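Data first, discussion second: the structure below is written as structure tokens.
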């Protein structure tokens, strides 16, 4: 699996803006899915996180240098992801999942059984907020 890079954005400011919103969540989407199915391997998470952070740093430079976009929010997200450990991410995802769904509920996207359903669930975004609170920029 290869994550998208800035080369995939095709010199399109809308694509850059979309990536600024979604790419910070990529690692958390995978970890969330792996956590729900008991497949989390910390070594894989570390590798994925490193690859994603590299892409995010390239994205931040591109957004600012090519389009003059303020990257403060993106940079704060990158900072939180850099500082967070695998255990931090797992805990933030669990807290976010528990906040979103009670003991008798399950994520509706998880019930659908779709491979990429975590991209439509608010759990990863809420977990990232928790990590940003834990590691402010």
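Listed values, structure above:
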read-out: Likely footprinting exposure, 61, 77, 36, fewest C-beta neighbours within 10 Å first; value: 61, 36, 77
read-out: Whole-number percent relative contact order across the chain, with pairs defined as alpha carbons under 8 Å at least 6 apart; value: 31
read-out: Between helix 123-134 and the chain: long-axis angle, C-alpha atoms, 0 to 90°, nearest 10; value: 70
read-out: Over the chain: helical MRE at 222 nm, DSSP H runs n ≥ 4 each giving -39500 (n - 2.57), nearest 500; value: -21000 deg cm²/dmol
read-out: Point-to-point label distance, residue 51-residue 102, nm (Cα→Cβ direction, 7 Å offset); value: 4.0
read-out: Residues 98, 103 arranged by fewest to most Cβ contacts within 10 Å; value: 103, 98
read-out: Cβ-based exposure ranking for 22, 43, in which fewest neighbours within 10 Å come first; value: 43, 22
read-out: Inter-label distance for residue 66 and residue 83, nm, one decimal - labels placed 7 Å from Cα along Cα-to-Cβ; value: 2.9
read-out: Of [x] 19.1; [y] 14.8; [z] 15.4, the label for Kirkwood radius over Cα pairs in Å derived from the coordinates; value: [z]
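We did not get these values from a lab; they are worked out from the coordinates using the rules stated. Only a predicted model underlies this, so the values are computations on that prediction, with no experimental measurement involved. FYI the Cβ positions are ideal-geometry reconstructions off the backbone, even for glycines, and counts take in every protein chain you see.
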